[in-house]
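Contents: one structure, followed by commentary.
The values are calculated or read from the model by the stated rules, or taken from the named source; none is laboratory data. Worth saying up front: this structure is predicted, and the values here are computed from it rather than measured. We place every Cβ from the backbone using ideal geometry, glycine too, and count neighbours over all the protein chains shown. Heavy atoms of the whole protein, side chains included, go into the accessibility calculation; ligands, DNA and RNA do not. Shrake-Rupley method; radii C 1.70, N 1.55, O 1.52, S 1.80 Å.
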Amino acid sequence: MSELLFKNARIIDPARNIDQIGDIAVADGVIVDPGKLNSPEVIDLTGKILSPGFIDVHVHLRQPGNTTAETIASGSAAAAAGGFTSIVAMPNTSPSADTAGAIEYLRRIAAEQAVVKVLPCGNMTKGGKGEEMAGIGSLKSAGVVALSDDGKCIQDHGLMRHVVEYAKSFELPILDHCEESTLASGGVMNEGKWSVLLGMHGIPGAAEELIIARNIIFARQINWRIHMQHVSTRDSVDMIRRARAKGIPVTGEATPHHLSLTDENVKKFDTNYKMNPPLRTEDDRQALIEGIVDGTITVIATDHAPHTETAKLVEFDHAPFGIIGLETALPVCFTQLVASGVITVDKLIPKLTTGPAEVLGIKNYSLAEGNAADITVFDPQAEYVIDKSKFRSKSRNTPFDGMTVRGKINLTVVDGKIVYREGC
Ligand code: DOR
Ligand code: ZN
């Protein structure tokens, strides 16, 4: 296998508390001592930042079921272009990823066609319907790394408690889409001033907060890890902060869109601002940023949710929820959080690397010698305009097209192999 020598990069390796200019060497798919290389390809990374590969714990690949919107191949190529070396594939495909066979199918296609590591997530319940527990033991044997009914939420608290108990015995983290359905039912955007002005049916923050409260109770009583997906309100952040302060094993993720947009954007009636949970208020957005800053929110995840142009080109009320995010995550977060001076870049990298690794129970996720050479390189100075026509994803449903951003992915390396390269 080829050897690579990355020179003069600013290396940010959060797990080892490293932030320094230096070199990183790769041979046979792993990180090695630069002195051990024979005739490497040398890549000069002066002015660029090199970190462990980004991990996205929340990606919809749509295969099987809706391969006009995305496939395992196209979604993984989009991930590579976004600097992600590992992605967790949500199970709300068709059929659902609720059996060992479905997981074997995903793993087989990924092994043949994916350019990044595709980590399967299995359903908590059969068909993600929230009625009957899935065969969690056989999902574990088939290789799932987590459990989720994302897109939906188990409403039956007795069933959820059982699922958490099973998840604990099989050592699988739960990634929960927190949404109480009687409150959310029929809603298409955040319930608040803008839903009243626009005459649209709202989804109150309480729909999310009730389930987060429930999950915190179960995480404490059962002492097992529950990760709250796409956290969107101030009260959710507050509850997670208090729970973590008490040592309850809960974590939370924020999406680039909830960190950068608000429900006011919906006044454009553009369905690329429709997602679930919905964009909330400026106060909620500020609370998410506070959570990022103080460590309450340890993960940034995209909720990459491809939908075809035809599906999205309908009235706001009728459009499906979701936007793509893999290829815009780093520039949107860098621009919103780092270039704007809210946090320094060394505080952003952990949300894309060690934070998600910890959710999945991956230990020592770092650039230490001997570890898999999963590496991301980006240019913190590069300024450009997001152009959705250049995306690797098969879908184009993004609200960020045309936005001027800073921070450009230059290199994505998976097991020592360059899977994306642009501008270096
Ligand atoms: O906006 C969303 N889209 N939220 C979800 O929970 C599911 C996702 C999808 O699958 O399209
Ligand atoms: Zn969700």
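Some notes on this structure:
- Residues that are more than 16 Å from ligand 1 (Cβ to nearest atom) and within 15 Å of ALA219 (Cβ to Cβ) were ranked within the stretch 170-207; the one that is surrounded by the most Cβ atoms within 10 Å (Cβ to Cβ) is LEU172.
- Of all residues in the stretch 316-325 being open to solvent by 20 Å² or more (accessible area, probe 1.4 Å) and touching a residue at least 12 places away in the same chain (Cβ under 8 Å), the one that is nearest to ligand 2 (Cβ to nearest atom): PHE321
- Residue match in the stretch 218-234 (condition: in a helix (DSSP H, G or I), within 15 Å of ligand 2 (Cβ to nearest atom) and touching a strand residue (DSSP E or B) at 6+ places or on another chain (Cβ under 9 Å)): no
- Residue in the stretch 182-203 that is among the charged types (D, E, K, R), in contact with a helix residue (DSSP H, G or I) (Cβ under 8 Å, 6 or more places away or on another chain) and within 16 Å of ligand 2 (Cβ to nearest atom) present: no
- Condition met for THR68 (of a type in the set (Val, Ile, Thr) and either closer than 29 Å to HIS304 by Cα or part of a strand (DSSP E or B) (or both)): yes
Here's the yes/no breakdown for (1) crowded, with 23+ Cβ neighbours inside 10 Å; (2) aromatic (Phe, Trp, Tyr); (3) in contact (Cβ under 8 Å) with a residue 40 or more places away in the chain:
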| site | (1), (2), (3) |
| --- | --- |
| SER94 | no, no, no |
| TYR105 | no, yes, yes |
| CYS121 | yes, no, yes |
| GLU131 | no, no, no |
| LYS140 | no, no, no |
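- Candidates VAL332, VAL342, VAL405, filtered to the one that is under 20 Å from HIS257 (Cβ atoms) and in a helix (DSSP H, G or I): VAL332
- Comparison of VAL42, VAL115 shows that the only residue that is open to solvent by 50 Å² or more (accessible area, probe 1.4 Å), over 27 Å from GLY252 (Cα atoms) and assigned to a strand (DSSP E or B) is VAL42.
- Some residue of the stretch 63-75 being acidic (Asp, Glu) and under 20 Å from ASN364 (Cα atoms): no
- Residues (more than 21 Å from the chain's Cα centre (by Cα) and under 19 Å from HIS58 (Cβ atoms)) located in the stretch 216-248: ALA219
- Each residue in the stretch 211-261 was checked for being away from ligand 1 (no atom under 16 Å from the Cβ), surrounded by fewer than 24 Cβ atoms within 10 Å (Cβ to Cβ) and under 20 Å from MET189 (Cα atoms), and 2 of them qualify.
- Qualifying residue in the stretch 340-349 (condition: within 16 Å of ligand 2 (Cβ to nearest atom), of a type outside the set (S, T, N, Q) and open to solvent by less than 10 Å² (accessible area, probe 1.4 Å)): no
- Looking at THR255, THR335, THR251, just one residue is over 21 Å from THR85 (Cα atoms) and under 15 Å from the mean Cα position of the chain (by Cα), and that residue is THR251.
- Counting the residues of the stretch 95-119 that are of a type outside the set (A, V, I, L, M) and within 19 Å of ILE324 (Cα to Cα) gives 1.
- Selection within the stretch 272-311 - part of a helix (DSSP H, G or I), in contact (Cβ under 8 Å) with a residue 60 or more places away in the chain and surrounded by 21 or more Cβ atoms within 10 Å (Cβ to Cβ): ASN272, TYR273, ASP284, GLY291
- Verdict on VAL413 being closer than 28 Å to ASP44 by Cβ and either part of a loop (DSSP other than H, G, I, E, B) or touching a Leu at 6+ places or on another chain (Cβ under 8 Å) (or both): yes
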